[in-house]
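See structure below.
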Amino acid sequence: MTLETAILDALARSALPLKAADISKLIKPALGKAASPKAVAAALDAQASTGSLTRILAGTAAKPQPLFTLQSPEDATAAFLKSWVHASAKEQPAAKLQTKLPVGLQSFFEAALAQLASAGDAFVQTGGKRLIHARRPRPTQTLSAAQRIALQKILQTVNGARSQPASLEDLLAWLDQEPPSTPPPQSTSVIAPSESDLQTWYELDRIRSSTMMIPIPATFARYQAWAAECGGVADIQVFRRFIEKLYNDGRLLLEPCERPQDLPEHERALLVPMSLGPPGYSWCWLS
């Protein structure tokens, strides 16, 4: 085996471009002194000049350390990117990967990245800072901690108007196109409380209260538990309209909420309009 063929064989077996010193170490067991670093470097320069292999500018201007490969510059760039992305336990910023490349390969970054994405060897997450994943992540893996907190706040808002509250886990499963953690409940109908039901719940809460006034959200919680026991579902609008009717009929007294903007969204949805002033938040029966 000649020095030249040994070099080509070493490069053919390497997934990444190599420095002359690395090639010398690989072929020295077979060629001995003929594979000295100086001889290998000269042979590599000669082969690169004839186009037998690709010479890649690397290192610094003061201390150049060229790399050699049988691959095209674009394929060599893709090989580097693939090795780094797949060796990492987490996604990598695209800008950081580009600057990590040898100087002679940085201009091939976008083409190599497109090649990897097309082959399924990388996934590019766009939007803000581009991130490179080894494979397509689950959609929810692309959410930041702040975005998850925002989703939880949105759920707290909309659950106040839902007959069946949704969990964050089920929302994330839906985003990932997976079945929810718990099967959806059987289709049930909304059931409305009667005045006697309301009186019962009022008395239960009145025993524990220091005043005659009971917060409407506390009574709605009683309604929700009762509806579930009856095999139905509670409806926030049905309940609020029922309280509003009793108020308009003079059957109960409402105490206004002076700062409704300070309440959670699901409690604001239960506020009952009054004839004058802010909406009602607490209530009691009129004798």
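The values are calculated or read from the model by the stated rules, or taken from the named source; none is laboratory data. Computed from a predicted model, the values in this text were never measured in an experiment. Neighbour counts run over all protein chains shown; Cβ positions are idealised from the backbone, glycine included.
A few notes on this one:
- Condition met for Arg240 (assigned to a helix (DSSP H, G or I), within 24 Å of Leu155 (Cβ to Cβ), among the basic types (Lys, Arg) and not assigned by TED's automatic domain parsing to the domain that holds Ile154): yes
- Across segment 8-54, the number of residues qualifying as under 17 Å from Gln65 (Cβ atoms), without any contact (Cβ under 8 Å) to a residue 60 or more places away in the chain and either of a type in the set (S, T, N, Q) or outside any helix (DSSP H, G or I) (or both) comes to 6.
- Whichever residue in segment 243-270 is of a type in the set (A, V, I, L, M), out of contact with any helix residue (DSSP H, G or I) (no Cβ under 6 Å at 6 or more places or on another chain) and in contact (Cβ under 8 Å) with a residue 24 or more places away in the chain and, among such residues, is surrounded by the fewest Cβ atoms within 10 Å (Cβ to Cβ): Leu253
- Only residues that are without any contact (Cβ under 8 Å) to a residue 40 or more places away in the chain and either outside the structural domain of Leu270 (by TED's automatic domain parsing) or assigned to a loop (DSSP other than H, G, I, E, B) (or both) were counted in segment 225-237, giving 1.
- Test for Ser196: is it touching a strand residue (DSSP E or B) at 6+ places or on another chain (Cβ under 8 Å), under 25 Å from Val233 (Cβ atoms) and of a type in the set (Gly, Ala, Ser): no
- Gln125, sole failed condition from (1) surrounded by 13 or more Cβ atoms within 10 Å (Cβ to Cβ); (2) not assigned by TED's automatic domain parsing to the domain that holds Pro93: (2)
- Any chance Ser83 is surrounded by fewer than 13 Cβ atoms within 10 Å (Cβ to Cβ), under 20 Å from Ala12 (Cβ atoms) and not assigned by TED's automatic domain parsing to the domain that holds Asp9: yes
- Verdict on Leu81 being over 38 Å from the mean Cα position of the chain (by Cα) and closer than 30 Å to Val124 by Cα: no
- Some residue of segment 123-131 being in a helix (DSSP H, G or I) and in contact (Cβ under 8 Å) with a residue 40 or more places away in the chain: no
- Condition check for Arg206: under 39 Å from the mean Cα position of the chain (by Cα) and surrounded by 14 or more Cβ atoms within 10 Å (Cβ to Cβ): no
- Scanning segment 139-165 for residues that are within 13 Å of the chain's Cα centre (by Cα), surrounded by 14 or more Cβ atoms within 10 Å (Cβ to Cβ), modelled with pLDDT under 85 and not hydrophobic (A, V, I, L, M, F, W, C) yields one hit, Thr142.
- When each of Pro102, Pro93, Pro73 is tested for being under 30 Å from Leu143 (Cα atoms) and within 38 Å of the chain's Cα centre (by Cα), the lone residue that passes is Pro93.
- Residue match in segment 195-202 (condition: part of a loop (DSSP other than H, G, I, E, B) and within 24 Å of Glu265 (Cβ to Cβ)): no
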